[in-house]
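*Asks:* Attaching a single structure in C-alpha cells format; questions to follow.
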Ligand SMILES: Cc1cc2nc3c(=O)[nH]c(=O)nc-3n(C[C@H](O)[C@H](O)[C@H](O)COP(=O)(O)OP(=O)(O)OC[C@H]3O[C@@H](n4cnc5c(N)ncnc54)[C@H](O)[C@@H]3O)c2cc1C
C-alpha cells in the first residue's frame, strides 16, 4: 500500500498529556470469546481493562450458532483427523504447527468452561451431543440450545469476567488508535479511546491485546453484527503491525434473504441435518456440482448459489428443510423463531437464502505466542492471523481459535505486563485540519459496502479489482484527510483502509485458492503457496513461507 493510506498514524489530532489518563497492566480491546478469554488469563498476573465498543453482548461471538469444533471423544475421533480436515479446508496455506497447537489445546479449555458452568446440549444419558458440519469427517461440533452456542459462550465468559476482582469491563468505549512512541519498532503502550459520556481518554498499558473481531460490515451483505467494521485491523496497520492473508474472506452460503431483514445466518448445521438447496424450479443443484453436495466447502456452495442467482433477473435459491418437520424447532429454536417473524414455517415452506460475507480469515500476523511484530502488542481471535485457517476456514474452528489463542495471549503477555515500563510518555498527534467540504459519511459507507460486495466478493477479476483500488485511492483522498468527532466517521475511515488492503491483496493473488476465487485465474498456482504480508510504508507485499507441523 502507499500514498494517502499510509500517511496518517492517528485518526484524530491529540496531545496525550492533555487528556484524562487511565493506567493498567493489560488493555484488551474486544469482549468476544478471544478478548474475554485473554482477559481471564491475564488477570491471573495483572490488572486488566477490557473494552467493548458497544454493549458486552454485541459481538460476533454472541451470534455464533453452529458450535465449537473440538475432539472430545478419542474413541470416535482424533486430533489427527481434525488437523487433516483443517489442512484440507486451508488449501495449502495453513501453518501446521499452529493448527496442531490450537486443535490439541481445545478440549482442555472447553472442559474448563464446562466446569465453570457453560451448558452444552446432551443426550438422554448425559453425553455431550456432537454435531456435524461441512468439511468435518467426524461429528465434533458441540452446541448449546441447538443454535445458540455463541450466546451461551459469551454469557459464560462475561459472568466469569464480571466476577473477577482484577478485571474491569468498559462498555461503549471505542478504541480509535493504539498509541506509542513514534517510529518503526516502537512499543505499543495502550490506546486512545472515546466514550460518549467521558469523551477522549488515554488508557496506558504495559501490554495491549487486540481482540476486536472481524470486518463483515465492510460488505453490503454480511452475517456480522454492526460492531464488525475492521477497526482493529486498521488501527494495527496504522501502528506498524504486519497484516497477512487479507485476500481470504469466507462467504457463508446461506443467510435469510427477505427484503428488509438483516442477513441472518441459517446455520450450516441445518444442511448438516439433511436440508437441500433448490432453485426456483424446485431442482436440487448441488449434486451436479460436488460429491459432498450441500456439505461441500462453503466457497463452492456459495459460488454455485451465485451462479443460480445470476442465471435470471428474478432467480432465487431456497433451502428445503421440510423433511425435518417438527424436529426443526427442537434442533434450531433460534432460527425457527427468526423465520416466524417473517411468517416462514420451515416445516412446510422453503427458506429463501443468499450468500453473505461471514468471516475474515486475514488479519494481524501473530506467532504461536500471539505476539505481533509491534513490541507490547498481542492479537487473538478473528482480528489475528495465526495461520490456522490457511486459505479457508473449516466450520466452527473460529470459536475454538478464539478460546485457545485468547488464553495464550493473556498468559504470554505477562512478559510485557510485569516489566517496568515508564508511562505516560509524550504522544502528540498533529493533523492539519482539512479545508475540504463536508462529507456524507453514510453515502461513502454504503458505496464502499456495495463495491466490496460486487467486485471484491465471492468472485473477483483482476481488471475490476484494479478499478476498485483506484476508486478507493480517490475516496481516500477526501475521506481520510478529514477529522471526525464521532464513531461513524472513524468506522468509515477504518473500513476504507481495510477494504483497500483486501482489494490490493486480492489483486496480488493471481490464482484461485480456498476462499479467494479469481474468474480470470481459476486455477491454483503452486508457486503461490505463500502468505502475503502488508505493512504501512511498504509498497509491495512481503511473503511468509509455510511451516509444517513436524
Ligand atoms: C452469525 C455468525 C455465526 C457464527 N457461527 C460460528 C460458529 O458456529 N462457530 C464458530 O466457530 N464460529 C462462528 N462464527 C464466527 C465466530 O463467531 C467469530 O469468528 C468469533 O466469535 C470472533 O470472536 P472474537 O472474540 O475475535 O471477536 P468478536 O466476538 O466479534 O468480538 C469483538 C469485540 O471487539 C470489540 N471491538 C471492535 N472494535 C472495537 C473498537 N474500535 N473499540 C473497542 N472495542 C471494539 C467489540 O465491541 C466486541 O466486543 C460465526 C459468526 C457469525 C457472525
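*Asks:* Is it fair to say residue 419 is at pLDDT below 95 and within 26 Å of the chain's Cα centre (by Cα)? Full working, then the answer.
*Replies:* Values: at pLDDT below 95: yes; within 26 Å of the chain's Cα centre (by Cα): no.
In short, no.
*Asks:* How many residues does region 500-550 hold that are assigned to a loop (DSSP other than H, G, I, E, B) and on the phi < 0 side of the Ramachandran plot? If you could, list the steps in order and put the result at the bottom.
*Replies:* The initial filter retains those residues of region 500-550 that are assigned to a loop (DSSP other than H, G, I, E, B), namely 509-512, 514-515, 517, 519-520, 522-525, 529-530, 535-541, 545-550.
Next, only the ones that are on the phi < 0 side of the Ramachandran plot stay: 509-512, 515, 517, 519-520, 522-525, 529-530, 535-536, 538-541, 545-550.
Residues that pass the stated criteria total 26.
*Asks:* Pick from region 217-240 the residues that are more than 7 Å from the ligand (Cβ to nearest atom) and under 19 Å from residue 253 (Cβ atoms): which of them is surrounded by the fewest Cβ atoms within 10 Å (Cβ to Cβ)?
*Replies:* Checking each candidate, the answer is 220.
*Asks:* Does residue 498 meet the test of being under 13 Å from residue 246 (Cβ atoms), within 14 Å of the ligand (Cβ to nearest atom), touching a helix residue (DSSP H, G or I) at 6+ places or on another chain (Cβ under 8 Å) and in contact (Cβ under 8 Å) with a residue 40 or more places away in the chain?
*Replies:* On the way: under 13 Å from residue 246 (Cβ atoms): yes; within 14 Å of the ligand (Cβ to nearest atom): yes; touching a helix residue (DSSP H, G or I) at 6+ places or on another chain (Cβ under 8 Å): yes; in contact (Cβ under 8 Å) with a residue 40 or more places away in the chain: yes.
For residue 498, the condition - under 13 Å from residue 246 (Cβ atoms), within 14 Å of the ligand (Cβ to nearest atom), touching a helix residue (DSSP H, G or I) at 6+ places or on another chain (Cβ under 8 Å) and in contact (Cβ under 8 Å) with a residue 40 or more places away in the chain - is met.
*Asks:* Kindly indicate which of 45, 143 is in contact (Cβ under 8 Å) with a residue 60 or more places away in the chain, away from the ligand (no atom under 14 Å from the Cβ) and over 21 Å from residue 360 (Cα atoms).
*Replies:* Numbers: 143 fails: away from the ligand (no atom under 14 Å from the Cβ).
The match here is 45.
*Asks:* Out of the residues in region 272-285 that are over 16 Å from residue 315 (Cα atoms) and in contact with a strand residue (DSSP E or B) (Cβ under 7 Å, 6 or more places away or on another chain), which is surrounded by the most Cβ atoms within 10 Å (Cβ to Cβ)? Let's see the steps before the verdict.
*Replies:* The initial filter retains those residues of region 272-285 that are over 16 Å from residue 315 (Cα atoms), namely 272-276.
Now narrow it down to the ones that are in contact with a strand residue (DSSP E or B) (Cβ under 7 Å, 6 or more places away or on another chain): 272, 275-276.
On the way: 272: 20, 275: 25, 276: 17.
For region 272-285, the residue satisfying everything is 275.
*Asks:* May I pose another question? Being under 20 Å from the mean Cα position of the chain (by Cα) and either within 14 Å of residue 157 (Cβ to Cβ) or surrounded by fewer than 21 Cβ atoms within 10 Å (Cβ to Cβ) (or both) is the filter here, so list the residues in region 102-115 that pass it.
*Replies:* Residues of region 102-115 that are under 20 Å from the mean Cα position of the chain (by Cα), as a first pass: 102-103, 106.
None - no residue of region 102-115 is under 20 Å from the mean Cα position of the chain (by Cα) and either within 14 Å of residue 157 (Cβ to Cβ) or surrounded by fewer than 21 Cβ atoms within 10 Å (Cβ to Cβ) (or both), so the list stays empty.
*Asks:* I've got another one for you. For region 1-36: of the residues being within 27 Å of the chain's Cα centre (by Cα) and assigned to a strand (DSSP E or B), which is surrounded by the most Cβ atoms within 10 Å (Cβ to Cβ)?
*Replies:* If we take residues in region 1-36 being within 27 Å of the chain's Cα centre (by Cα) and assigned to a strand (DSSP E or B), then 28 is surrounded by the most Cβ atoms within 10 Å (Cβ to Cβ).
*Asks:* If you go through region 469-494, how many residues are part of a helix (DSSP H, G or I), more than 16 Å from the ligand (Cβ to nearest atom) and within 23 Å of residue 228 (Cβ to Cβ)? Full working, then the answer.
*Replies:* To start, the set of residues in region 469-494 that are part of a helix (DSSP H, G or I) comprises 469-479, 487-494.
Still in the list and also more than 16 Å from the ligand (Cβ to nearest atom): 469-479.
From what is left, the residues that are within 23 Å of residue 228 (Cβ to Cβ) are 469, 471-472, 475-476, 479.
Summing the residues that are part of a helix (DSSP H, G or I), more than 16 Å from the ligand (Cβ to nearest atom) and within 23 Å of residue 228 (Cβ to Cβ) in region 469-494 gives 6.
*Asks:* Moving to a separate point now. How many residues does region 369-391 contain that are out of contact with any helix residue (DSSP H, G or I) (no Cβ under 6 Å at 6 or more places or on another chain) and touching a residue at least 60 places away in the same chain (Cβ under 8 Å)?
*Replies:* Applying the first criterion (out of contact with any helix residue (DSSP H, G or I) (no Cβ under 6 Å at 6 or more places or on another chain)) to region 369-391 yields 371-375, 377, 379, 382, 384-385, 389-391.
From what's left, touching a residue at least 60 places away in the same chain (Cβ under 8 Å): 372-375, 377, 379, 382, 384-385, 389-391.
Going through region 369-391 one residue at a time, the tally reaches 12.
*Asks:* Follow-up. Restricting to region 192-216, name every residue that is within 13 Å of the ligand (Cβ to nearest atom) and surrounded by 23 or more Cβ atoms within 10 Å (Cβ to Cβ).
*Replies:* If the condition is that a residue be within 13 Å of the ligand (Cβ to nearest atom) and surrounded by 23 or more Cβ atoms within 10 Å (Cβ to Cβ), then 192, 193, 203, 208, 209, 210, 211, 212, 213, 214, 215, 216 are the ones that fit.
*Asks:* If I filter region 223-238 for residues that are within 17 Å of the chain's Cα centre (by Cα), part of a strand (DSSP E or B), under 24 Å from residue 460 (Cα atoms) and modelled with pLDDT of 95 or more, do I get at least one hit? Give the derivation first.
*Replies:* Step one: of region 223-238, the residues within 17 Å of the chain's Cα centre (by Cα) are 223-237.
From what's left, part of a strand (DSSP E or B): none.
Checked region 223-238: no residue is within 17 Å of the chain's Cα centre (by Cα), part of a strand (DSSP E or B), under 24 Å from residue 460 (Cα atoms) and modelled with pLDDT of 95 or more.
*Asks:* Considering only residues that are more than 29 Å from residue 151 (Cβ to Cβ), assigned to a loop (DSSP other than H, G, I, E, B) and either at pLDDT 95 or above or in contact with a strand residue (DSSP E or B) (Cβ under 9 Å, 6 or more places away or on another chain) (or both), which ones fall in region 68-93?
*Replies:* Those that are more than 29 Å from residue 151 (Cβ to Cβ), assigned to a loop (DSSP other than H, G, I, E, B) and either at pLDDT 95 or above or in contact with a strand residue (DSSP E or B) (Cβ under 9 Å, 6 or more places away or on another chain) (or both): 78, 91, 92, 93.
*Asks:* Now, a different point. Of all the strands (runs of 3 or more DSSP E) wholly in region 303-390, which have at least 1 residues that are more than 30 Å from residue 232 (Cβ to Cβ) and more than 16 Å from the ligand (Cβ to nearest atom)?
*Replies:* Details: elements: 317-320, 351-360, 363-365, 377-379.
Once the strands (runs of 3 or more DSSP E) in region 303-390 are filtered for at least 1 residues that are more than 30 Å from residue 232 (Cβ to Cβ) and more than 16 Å from the ligand (Cβ to nearest atom), what remains is 317-320, 351-360.
*Asks:* When you check residue 93 against the structure, is it within 20 Å of the chain's Cα centre (by Cα), more than 14 Å from the ligand (Cβ to nearest atom) and touching a residue at least 24 places away in the same chain (Cβ under 8 Å), yes or no?
*Replies:* Details: within 20 Å of the chain's Cα centre (by Cα): yes; more than 14 Å from the ligand (Cβ to nearest atom): yes; touching a residue at least 24 places away in the same chain (Cβ under 8 Å): yes.
Answer is yes for this residue.
*Asks:* Can you tell me how many residues in region 339-349 are in contact (Cβ under 8 Å) with a residue 40 or more places away in the chain and either buried (at least 19 other Cβ atoms within 10 Å of the Cβ) or within 18 Å of the chain's Cα centre (by Cα) (or both)?
*Replies:* 1
*Asks:* Okay, moving on. Within region 245-271, take every residue that is touching a helix residue (DSSP H, G or I) at 6+ places or on another chain (Cβ under 7 Å) and in a loop (DSSP other than H, G, I, E, B) and give me the one that is surrounded by the fewest Cβ atoms within 10 Å (Cβ to Cβ).
*Replies:* 264
*Asks:* Could you go through region 117-140 and let me know if any residue there is closer than 25 Å to residue 35 by Cβ and surrounded by fewer than 16 Cβ atoms within 10 Å (Cβ to Cβ).
*Replies:* yes
*Asks:* Follow-up question, since we're still on this one. Residues that are in contact (Cβ under 8 Å) with a residue 40 or more places away in the chain, surrounded by fewer than 23 Cβ atoms within 10 Å (Cβ to Cβ) and within 16 Å of the ligand (Cβ to nearest atom), at least 1 per element: which helices (runs of 4 or more DSSP H) completely within region 393-468 meet that?
*Replies:* Values: elements: 397-412, 414-417, 441-455.
Ranges flagged: 397-412, 441-455.
The values are calculated or read from the model by the stated rules, or taken from the named source; none is laboratory data. Here the structure is a predicted model, which is why all the values come from computation and not from measurement. Cβ coordinates were reconstructed from backbone atoms using ideal geometry, including for glycine residues, and neighbour counts include every protein chain displayed.
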